[in-house]
Amino acid sequence: MMNGEAEVAYVVCALGDIPSRKAFGFHLVRIDEAGDEQPWPIIVVRWGSNVFGYVNRCPHHGARLDWERDQFFDAYGTRLMCGKHGALFD
């Protein structure tokens, strides 16, 4: 738990749906405290048998990271990259 929030798990696809060393974007919806639906774009990265999830939003500009559909990595394919201004994330 972080900040008093309960840990939650979501299933968006099977492990084999994402090739190793690739990332796919998903458009989910969250319910806010007022009960309204809010968009929740996420990135799911698979690296071997490890899977990581991130919010698809640059912390600098608030823009989505993908510069084309499901294009999240730098030219080396090792770091997430902001499609708007090129910031790199480990």
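All conditions in (1) part of a strand (DSSP E or B); (2) loosely packed, with under 13 Cβ neighbours inside 10 Å hold for Tyr76, with the sole exception of (1).
The residue pairs whose first member lies in region 43-54 and is under 12 Å from Cys13 (Cβ atoms), whose second member is β-branched (Val, Ile, Thr), and whose beta carbons are closer than 6 Å, counting only pairs six or more residues apart or on different chains, are Arg46/Ile18; Gly53/Ile42; Gly53/Val44.
Every condition in (1) in a loop (DSSP other than H, G, I, E, B); (2) farther than 21 Å from Ala87 by Cα; (3) not charged (D, E, K, R) holds for His60 except the one numbered (2).
When you scan region 43-56, do you find a residue that is open to solvent by 50 Å² or more (accessible area, probe 1.4 Å), over 18 Å from Asp90 (Cβ atoms) and modelled with pLDDT of 95 or more, even just one? Within region 43-56, not a single residue is open to solvent by 50 Å² or more (accessible area, probe 1.4 Å), over 18 Å from Asp90 (Cβ atoms) and modelled with pLDDT of 95 or more. Pairs linking a residue in region 60-78 that is at pLDDT below 95 to a residue that is open to solvent by 100 Å² or more (accessible area, probe 1.4 Å), with Cβ atoms under 7 Å and 6 or more positions apart or on different chains, are His61/Lys84; Ala63/Lys84; Arg64/Arg57; Gly77/Arg21. Scanning region 12-60 for residues being under 12 Å from Phe72 (Cα atoms) and aromatic (Phe, Trp, Tyr) gives a total of 2.
Hey, does region 26-38 have a residue that's open to solvent by less than 80 Å² (accessible area, probe 1.4 Å), touching a Leu at 6+ places or on another chain (Cβ under 9 Å) and either free of Cβ contacts under 8 Å to residues at least 60 places away in the same chain or aliphatic (A, V, I, L, M) (or both)? So far as region 26-38 goes, no, none of its residues is open to solvent by less than 80 Å² (accessible area, probe 1.4 Å), touching a Leu at 6+ places or on another chain (Cβ under 9 Å) and either free of Cβ contacts under 8 Å to residues at least 60 places away in the same chain or aliphatic (A, V, I, L, M) (or both).
The values are calculated or read from the model by the stated rules, or taken from the named source; none is laboratory data. Since this is a predicted model, take the numbers as computed values, not measurements. As a convention, Cβ positions derive from the backbone with ideal geometry for all residues, glycine included, and neighbour counts pool all protein chains shown. Just the protein is used for accessible areas: all its heavy atoms, side chains included, with ligands, DNA and RNA removed. Shrake-Rupley method; radii C 1.70, N 1.55, O 1.52, S 1.80 Å.
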